[in-house]
1. Looking only at segment 167-194, which residues have a backbone nitrogen under 17 Å from a spot 7 Å from the Cα of residue 299 in the C-beta direction?
2. How much length is gained if the chain between residue 435 and residue 350 is pulled fully straight, taking 0.36 nm per residue apart and subtracting their Cα-Cα distance, in nm to one decimal?
3. How large is log10 of I(q)/I(0) for segment 199-279 at q = 0.24 Å⁻¹ when the intensity is taken from the Debye formula with one equal scatterer per alpha-carbon?
4. Please work out whether segment 244-342 counts as rounded, prolate or oblate from its C-alpha gyration tensor, where a ≥ b ≥ c are the square roots of the eigenvalues and a/c under 1.5 means rounded, while otherwise a/b larger than b/c means prolate and anything else oblate?
5. Within segment 404-442, name every residue whose backbone N is under 14 Å away from a label modeled 7 Å from Cα of residue 283 along the Cβ vector.
6. How many nm is it between the label spots at residue 87 and residue 442, if each spot is 7 Å from the Cα in line with the beta carbon?
7. Given points 7 Å out from each Cα along the Cα-Cβ axis, report the residue 151 to residue 54 separation in nanometres with one decimal.
8. Zone of residue 410 (label point 7 Å along Cα→Cβ, backbone N under 15 Å): which residues in segment 321-343?
Amino acid sequence: MAARVPLIRIPVSVAGMVLTTISAALFIVVLLADLFGLHTNPYRGLVFFLVLPALFVVGLLLIPFGAWLERRRSAAGRPPTAFEWPRIDLNNRTHRTTAIAVFALTIVNVVIVALGAYKGVEYMDSAGFCGQVCHTPMQPQFVAHQLGPHAGVTCASCHVGSGAGSFLRAKLAGTRQLVAIMRNSYHRPIVAAPDDLVSSQITCAQCHAPRFHGDVVRQITEYAEDEANTVSTTTVRLHVGGTLAGRASGIHWHADPKTVVEYIATGDQQTIPWVKVTDSSGVREYTAPGAATDQKTRETPRRMDCTDCHNRPGHPAPATAGQAVDRALARGDIPATLPFVRREAVAVLAGSHSTEAAALDAIARTLGERYPGNADADRAIGAVQDVYRRNVFPAMNVSFGTYPSNIGHTSAQGCFRCHDGEKVTKNGQTIGQDCETCHAIE
């Protein structure tokens, strides 16, 4: 019977031992760092809590695999693996110099690899990676994000939740998206399903602590399509409300922890046939006329979240060309002294073009012909072209209103998805539609 060869003499098993030991040591260090709150980057967590355990398992499997290979070698009548550990004598000057050099180079290599991995993870966490690596499909979201109030917030902060499960789901989704890009089979436009979004308690609540807002005053500036581009201002007092002394009021009544609002919506999230409200006064179910009676059993209700109304916080965009032009006029980007410029700008932005270059040429040509020799025409042309570049992306079928905002109800259903006055309970109650509940025009 062939003599047994110790595992420490089998190269494959030795490699497994080394891999297991290193990955285990690194995992313990990172786990301790995470427990002390030093781990904040979701992609770093993905590497440490998924890749390292995977390497640990691979190392464990290599140990018996090496023993199995050695048994096959012995069964075939071949001599045992000739593996000898190197003999190092630090009293030997050559050995000592070599050992010091290897140790020093190992430290240098570890530092280089660690810095490279850190910068790589940091880059993957940036908006540039998410929005520019996949340039065409993500360009609308990237441009809107850069121009929005959350431009300093990384994509991963809102789109990747905490925990290894969220990391894994995010990377699996990213892998599917990468395959779709390689096959050119991604949707145009890209629309995220509500169930794919991370809960606002994990994302929004990290920065926006719930508090009482009371009333908030907003001014809406609009321009008429007459020769003078007549300006008008509407002042709206919004009853934002919130929770104060345990009592909820105003629009943010929906966010009261004591109130649970659930609903079922169609695929585009713009039609809601069923709503359930659970609060201190009991449970009420509101159903739209003609809604399927078995819909509640076929679909899982969604609990109302901040993002159900604030559905474009990271990628805000004007809902219409008119809104975009009004904002440019209010900033002074488009000179209001040009006659009928509001009308002309909106009309030229409404044109259909196959490419951005064709649209920019059409804007320059149309407005140039409309205002020949006018000193302000060039400034108006540049401003309208900027409006187009920021909001219209022909390659992705994205234009004004492609992504409706559920805040308010002027350009999309928004509040009226639920507050339509049609959904009723069994005893005839309806969801209120009184304008004064949410705002007052001043």
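Every number here is computed from the coordinates shown, using simple stated rules; none is lab data. Only a predicted model underlies this, so the values are computations on that prediction, with no experimental measurement involved. Virtual Cβ from ideal backbone geometry, glycine too; neighbours counted across all protein chains shown.
1. 192-194
2. Numbers: separation 85, 0.36 × 85 = 30.60 nm, distance 3.15 nm.
Computed gain between residue 435 and residue 350 is 27.5 nm.
3. -1.13
4. Numbers: a/c = 3.52, a/b = 1.94, b/c = 1.82.
It is prolate, given that a/c is not under 1.5 and a/b is the larger ratio.
5. Inside the label zone: 426.
6. Each label point is offset 7 Å from its Cα along the Cβ direction, giving 9.3 nm.
7. Distance between label points: 3.6 nm.
8. Only 321-331 pass the distance filter.
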